[in-house]
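Enquirer: Following this message is one structure expressed as structure tokens.
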Amino acid sequence: MEAPVLKTHGCGTLRAEHAGQSVTLAGWVHRRRDHGQLIFIDLRDRDGLVQVVVRPNEQPDAYAAANDVRGEYVLRIVGSVVERSEATRNPNLATGDVEVIARSVEVLNEAKTPPFSVIEDDDVNELVRMQYRYIDLRRSSMLEALELRHRLNQYIRDFMTGREFLEVETPILVAATPEGARDYVVPSRLTPGAFYALPQAPQQFKQLLMVAGVERYFQIARCFRDEDLRADRQPEFVQLDLEWSFCEEEDILNLLEELFAGAAATLRPDLTVPRPFPRLSWHEAMERFGSDKPDLRYGLELSDCSDIAEASSFGVFSSAVAGGGRVRGIVMPGGASLSRREVDAFTNLAKTMGAPGLVSLQFSAEPSDATEDDVRSPVLRHVGIDDARRIGERCGAASGDLVLLAAGESGMVSTVLDGIRRELARRLDLVDDSVMQFGFVTDFPLVEWDEDGRRWDALHHPFTAPQSEDAALLDSEPGNVRARAYDAICNGFELGSGSIRIHERDLQMQVFELLGIGAAEAQQRFGHMLNAFEYGAPPHGGFAFGIDRVAMLLAGTENIREVIAFPKTMSASDPMTGAPMPIADEQLDELHLRINPPANGQLR
RNA sequence: GGCCCCGUGGUGUAGCGGCCUAACACGCCACCCUGUCAAGGUGGAGACCGGCGGUUCGAAUCCGCUCGGGGUCGCCA
């Protein structure tokens, strides 16, 4: 690093080879140890820590200044690097072979006692951390997260540049899109009553860049979605957005595999990244794991017992199947020894995810030759020993195992068993933190039926191409049309998704129609896309993945806020700046806006 | 929108109906101390228990509402 005027060296950079040199350091007081006639100051800057020694006899002024110094004071120290004696070296410190004998100690700024420790990695209330984020970010784990993110961005830029992708910036003030996520909206002053939206993704622009002949585009793009937050979801986030002309699925998946594997190897060489990345179809993922983003680090696969249930005399089972639903199960190895109370805990978990309950079967013998005495279940007399045996065998249960079954609407059953599966993996300690298990999920359905809206909705987005062999089904059975769409997953998280796009006007119109967007509406809302398709649009496809999430996984945390410098709370607010906040009446007037208070009358 | 968890000195926790005019650790302040590096020693300050209301002779402890934080289902094309 080029030294600025006020310092010559980074604190953490000093080594034995610097011994004898005069240095000027500047940084924060990490710790101060006062021995009366000898004061040690651990001085911290971005490079790390070094011990500064201040003695009264040699430099009375420096000593006097050091006496008044407190934690987090900003100091400038002029002194000499000396090698420590053998007995006083500190092997736990990178700079532990040396120390700096201070000639002068200058207080550049004082500091109040921080609201929480910069030193300890305490579990401090996140609200407080966010209120004082500038202090929180001083903690080494947070600084490391910032550095990791920087290096990830750097890696991505180099990688994409090396493959001749062109970084192009797209607008932040864009047109609103009624589909998909709720838009963040910005009022227009020059066009009273009109609004911009903040982009949910640069989707249309990047496709238009393909029409423009850019061929290979990428952007580290800021995206906005006004939806409820989660541990892995923020209202504004950063994506690597890419689009590629004349490519097919294989090109993109291979590119992504190289990118993810390379980034992981560079940033976290200590982690294992199994290759090639497994690929499974959406259908397979849902059948085997009940999730389109399964954690592939462990098994615990699901089994379908719908046929057994259909013929069952147990009403819960038969009516579930009769009503168009399914009955599926998962095995907990060794779960037969769980108490009723422990099994009920799983049922309660299932209830939080929408299941009326769970059916449990605990086998104390091999299911194939289990008698009624070998199966413990609250509903054994309803299910009957024969079906219990069949279910146990179907699920692959062994003696000593617990089978948990969910019955009902297919989507709910998947949600519930996915949740149970994750919980079982935790309980059974099957989650290997040293592995980043990437994978691809392919062949997503093109559309799904929206029961509330009574219409077909694009699963990915309306520009996704259908698979050519399914194109004939677009009119007859749209629900069975597979899209040329794919997701990247890792350790149970969705990293991002992409697709081969439609580049022909007619097909695009056909899909719009399927989605209930008539010709007039399509022209009005997507006219620019349709027009562009008439001026030589190349075949193209692309992808976008969340950089925050990748950074989170590389950092080994399950909370996205830990890798975002200034994140928002669950209510999408920033306790430090107070955003969002009311604006002045003059501002409202200028924008021709009036506040319409909510029914409960509560305003900030 | 639903459900779950949490809210006690600066920080993290304990206390879960009277023993609490609230305890412990770290931090903070003062004094002592020339080799520590989670320094040490002695002494000290600091919360009325998120807010409001209720139950009770009595509440940090029970109940209701509310605010805030976290998690999750729905939502996130």
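The values are calculated or read from the model by the stated rules, or taken from the named source; none is laboratory data. The structure displayed is predicted, hence computed values, not measured ones. Cβ placement follows ideal geometry from the backbone for every residue including glycine, while neighbour counts extend to all protein chains displayed. Just the protein is used for accessible areas: all its heavy atoms, side chains included, with ligands, DNA and RNA removed. Shrake-Rupley method; radii C 1.70, N 1.55, O 1.52, S 1.80 Å.
Enquirer: Any lysines with Cα under 26 Å of the A:K351 Cα? List them, leaving off those in the same chain fewer than 8 positions away.
Expert: Once the sequence-local lysines are set aside, what remains near A:K351 is A:K293.
Enquirer: Ignoring ligands, DNA and RNA, please state the percent of accessible area on chain A from carbon and sulfur, probe 1.4 Å.
Expert: 48
Enquirer: Sticking with this one: Please report how far the C-alpha centroid of the stretch A:542-580 lies from that of the stretch A:440-491, rounded to the nearest whole angstrom.
Expert: Taking the Cα centre of the stretch A:440-491 as reference, the centre of the stretch A:542-580 is 29 Å away.
Enquirer: At q = 0.05, 0.06, 0.07, 0.09 Å⁻¹, what base-10 log of I(q)/I(0) does the Debye formula yield for chain A when every alpha carbon is treated as an equal point scatterer in vacuo?
Expert: Computed log10 I(q)/I(0) values: -0.33, -0.46, -0.62, -0.93.
Enquirer: Roughly how many nanometres apart are two label points built 7 Å out from the Cα toward the Cβ at A:E409 and A:L166?
Expert: Here the modelled spin labels are 4.8 nm apart.
Enquirer: What's the FRET efficiency of A:F40 with A:N125 using the Cβ-Cβ distance as r and R₀ = 35 Å, to the nearest 0.05?
Expert: Working from the Cβ atoms, E equals 0.65.
Enquirer: For the stretch A:41-146, what class follows from the C-alpha gyration tensor (a ≥ b ≥ c being the square roots of its eigenvalues): rounded when a/c is under 1.5, otherwise prolate if a/b is larger than b/c, else oblate?
Expert: Taking the square roots of the gyration eigenvalues as a ≥ b ≥ c, the stretch A:41-146 is oblate.
Enquirer: Is the shape of the stretch A:118-176 rounded, prolate or oblate, going by the alpha carbon gyration tensor and its root eigenvalues a ≥ b ≥ c, with a/c under 1.5 for rounded and a/b larger than b/c for prolate?
Expert: oblate
Enquirer: Count neighbours as other Cβ atoms within 10 Å of each site's Cβ, and list the GluC sites (Glu not before Pro) in the stretch A:375-457 that are DSSP loop with at most 10 such neighbours.
Expert: Here the GluC sites (Glu not before Pro) that fit, given the DSSP loop and packing criteria, are A:E451.
Enquirer: Within 10 Å of each candidate Cβ there may be at most 16 other Cβ atoms; applying that plus a DSSP loop requirement, which GluC sites (Glu not before Pro) in the stretch A:65-127 survive?
Expert: A:E110, A:E120
Enquirer: For a Förster distance of 25 Å, can you work out the FRET efficiency between the beta-carbons of A:D506 and A:R279, rounded to the nearest 0.05?
Expert: 0.25
Enquirer: Right, here's the next one. Local charge sum around A:Y217 (other residues, Cβ-Cβ under 11 Å, Lys/Arg +1, Asp/Glu -1)?
Expert: -4
Enquirer: Which chymotrypsin sites (Phe, Trp or Tyr not before Pro) in the stretch A:512-604 sit in a loop by DSSP (not H, G, I, E or B) and have at most 16 other Cβ atoms within 10 Å of their own Cβ?
Expert: In loop regions of the stretch A:512-604 (DSSP not H, G, I, E or B), the sparsely surrounded chymotrypsin sites (Phe, Trp or Tyr not before Pro) are A:Y535.
Enquirer: Continuing with this model, one more query. If you take every DSSP beta bridge fully contained in chain A, what fraction is antiparallel? Give it as a percent rounded to 5.
Expert: 90
Enquirer: Specify which residue in the list A:L338, A:T352, A:G396 is farthest towards the positive end of the charge dipole of the stretch A:318-448, using unit charges on the beta carbon of Lys, Arg (+1) and Asp, Glu (-1), about the Cα centre.
Expert: Toward the positive end, the furthest listed residue is A:T352.
Enquirer: Any idea what log10 I(q)/I(0) is at q = 0.11, 0.26 Å⁻¹ for the stretch A:149-229, Debye with uniform C-alpha scatterers and no solvent?
Expert: Once normalised to I(0) and log-transformed, intensities are -0.39, -1.17.
Enquirer: In addition: What is the distance in Å between the Cα centroid of the stretch A:105-155 and that of the stretch A:36-73?
Expert: Answer, in whole Å: 22.
Enquirer: Related question: What spacing in nm lies between the two simple spin-label points modelled at A:Q21 and A:I583, each 7 Å away from Cα in the Cβ direction?
Expert: The modelled label-to-label distance comes out at 5.2 nm.
Enquirer: Multiply the residue gap between A:D574 and A:D452 by 0.36 nm, knock off their C-alpha separation, and tell me the result in nm, one decimal place.
Expert: Computed gain between A:D574 and A:D452 is 40.5 nm.
Enquirer: Oh, and also: Ordering A:I119, A:I595 from largest to smallest accessible area (1.4 angstrom probe), what's the sequence?
Expert: Ranking A:I119, A:I595 by accessible area, largest first, yields A:I595, A:I119.
Enquirer: Between A:S85 and A:L593, what is the label-to-label distance in nm when each label sits 7 Å out along the Cα-to-Cβ direction?
Expert: Taking the two extended label points, one gets 6.9 nm.
Enquirer: Nothing charged except the Cβ atoms of Lys and Arg (+1) and of Asp and Glu (-1): what's the magnitude of the dipole of the stretch A:403-544 about its Cα centre? Round to the nearest 20 debye.
Expert: 260
Enquirer: For chain A, what is the accessible area per residue in Å² when the probe is 1.4 Å?
Expert: Result: 49 Å² of accessible area for each residue.
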